[in-house]
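Here is the structure we will look at, set down as structure tokens.
The values are calculated or read from the model by the stated rules, or taken from the named source; none is laboratory data. Small disclaimer: the values here were computed from a predicted structure and weren't measured. Ideal geometry is used to build each Cβ from the backbone, glycine not excepted, and the neighbour counts take in all protein chains shown.
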Amino acid sequence: MNIHEYQAKALLKGYGAPVAEGVAILKVEEAEAAAKKLPGPLYVVKSQIHAGGRGKGKFKELGPDAKGGVRLAKSIDEVVSHAKEMLGNTLVTAQTGEAGKQVNRLYIEDGADIERELYCSLLVDRSVGRVAFVVSTEGGMDIEAVAHDTPEKIHTIAIDPATGVTAADIAKIVSALALEGAAAEDAKSLFPILYKAFDEKDMSLLEINPLIVMKNGHLRVLDAKVSFDGNALFRHDDVKALRDETEEDAKEIEASKWDLAYVALDGNIGCMVNGAGLAMATMDIIKLYGKEPANFCDVGGGAGKEKVAAAFKIITADPKVEGILVNIFGGIMKCDVIAEGVVAAVQEVGLKVPLVVRLEGTNVELGKKILNESGLAITAADDLDDAAKKIVAAING
């Protein structure tokens, strides 16, 4: 689960991290009052969407020369002017795709005198099985490009969960970021704060880009991106309350109600599979035969008839779907249960696109019998390769 920048900063501020004063608004009419609450005279007006690259983004409704989704303002009037242009319009960034995202919230923040821009993130480093700081002196840039072009400028410091952030860990981070004076002193409190927030709130990512050294020598969290482990949300009602469903795909929201692993994609072949590895293989073979998957959908090993039917309904609700491939290897999940779920869903919502089903494993013959006797236009497949060929042929034909 992702949250907005202003929500992430409020959370970190609650732990004691240094962040600027700011006010979130939903309407243009709120912009002037929000700016007046800040010290000024420099303000930053930030689009709040769940995507990076906002500063370099472009609004669909504005001309190509218009400013992006993060703008400086030197007066309250300029804050209001920016708010009028940004709220309600569609921001397209490198991470949103061509469709972009509508800006429904703005964060008006007090400006900062920046001396240096740094990069800092925390994530789970699976190579060592620990939470790690990933830091670089090259903040405010595309960190992927930095990692590709100058990997020596990226430093990873794994943290022992038994000790938490130690003085030795802080020294490594300070050295990697070339911090001195007041900034080095601030590091002694900031990095343990970030680790504590990450750990206690079950985050999967905490990214600060940039973390800045101000001209007065102190550190400040200038931007914050936070993602939470969805499997741990049951422990955090306060975090769940921050969810903004307008930023999420409606199909993914519905899937979460059924505990389905579903991710919407841009292709035209809907997929329903049990097991993440099998789902990846299914998407790969669809691409091999010249088409694109419309989704990743793993119904899991223990799904029942109702869950399978719910997954099928979600897939068919996608207007981009021109065909559906069901690929099930029955182990814990029996093939007859899958067949019953598919038949029930088709009978309820109808079938307007080709449907190919490949079943293998426990009760496979019973599953095939249920499908064959359903009277529905379902094409059976012998194996995954056969299934992929048949669904692609059905769409092409």
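General observations
- Filtered by the rule that a residue be more than 17 Å from Val213 (Cβ to Cβ), surrounded by 14 or more Cβ atoms within 10 Å (Cβ to Cβ) and without any contact (Cβ under 8 Å) to a residue 60 or more places away in the chain, region 143-176 gives Val146, Ala147, Ile154, Thr156, Ile157, Ala158, Ile159, Val165, Asp169, Ala171, Lys172.
- Scanning region 372-383 turns up no residue that is in a helix (DSSP H, G or I), surrounded by 16 or more Cβ atoms within 10 Å (Cβ to Cβ) and out of contact with any Asp or Glu (no Cβ under 6 Å at 6 or more places or on another chain).
- Across region 244-270, the number of residues qualifying as touching a residue at least 40 places away in the same chain (Cβ under 8 Å), closer than 17 Å to Pro319 by Cβ and not small (Gly, Ala, Ser) comes to 6.
- Residue match in region 98-108 (condition: surrounded by fewer than 19 Cβ atoms within 10 Å (Cβ to Cβ), within 21 Å of the chain's Cα centre (by Cα), assigned to a strand (DSSP E or B) and not aromatic (Phe, Trp, Tyr)): yes
- Filter pass, Asp125 being without any contact (Cβ under 8 Å) to a residue 60 or more places away in the chain and over 19 Å from Lys46 (Cβ atoms): yes
- Residue list for region 156-176, filter: of a type in the set (Val, Ile, Thr) and assigned to a helix (DSSP H, G or I): Ile170, Ile173, Val174
Yes/no matrix, rows are residues, columns are (1) more than 22 Å from Lys56 (Cβ to Cβ); (2) of a type outside the set (D, E, K, R); (3) modelled with pLDDT of 95 or more:
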position	(1), (2), (3)
Asp113	yes, no, no
Cys120	no, yes, yes
Glu138	no, no, no
Val146	no, yes, no
Asp149	no, no, no
